[in-house]
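Novice: Quick one: the structure is below, and I'll ask about it shortly.
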């Protein structure tokens, strides 16, 4: 059976709730229906979604289900992490129809299959940058380069710089920490630390003061 959670995964605003309940009331067997919200993929730097009314009894084991006021909400298990903390609302522009899903979570552009890397630490990191990381960053006008490698307790420390659209970008530090660092450590396990050696003050949008 489905998993009932006490804390909502996704919050529905009062305005959106009223609209959804109005739409649900027009459905056949409305009382048996839950609002099902699922992440279906990604487009650019955002997720894509599918929203619809489905019988609440169709929820699978591990799916999250809870009530927002009188509305049952159903989140498939593989969408829970991506939707945690999101808000479903009406558009802010008067006269604009539909619903707006404001989600603080973003897909990882560096996620991918594990690569077959060879050579020493520097060679492996360069291969990873060339084959996986830089193709992902290129869509945002940026790139990452290996500066050097030095020994560290328990492994190696690598120094990486970010250029192009990533240099001076307010989110580049987060990109390095949450994306590049994770990818390097997963694919090159001998790396124990990734250091951002970028001079962000020289970028177009420096965020260091």
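Novice: By average Cβ neighbour count within 10 Å, what is the ranking of 186-193, 68-75 from highest down?
Specialist: Top of the packing list down: 68-75, 186-193.
Novice: Please work out whether region 3-102 counts as rounded, prolate or oblate from its C-alpha gyration tensor, where a ≥ b ≥ c are the square roots of the eigenvalues and a/c under 1.5 means rounded, while otherwise a/b larger than b/c means prolate and anything else oblate? Walk me through the numbers on the way to the answer.
Specialist: On the way: a/c = 1.60, a/b = 1.05, b/c = 1.52.
Oblate shape, in that a/c is at least 1.5 and b/c is the bigger or equal ratio.
Here, each number is a calculation from the coordinates, and none is a lab measurement. As the structure is a prediction and not an experimental result, all values here were calculated from the model. Counting neighbours? That spans all protein chains shown, and the Cβs are built from the backbone with ideal geometry, glycine included.
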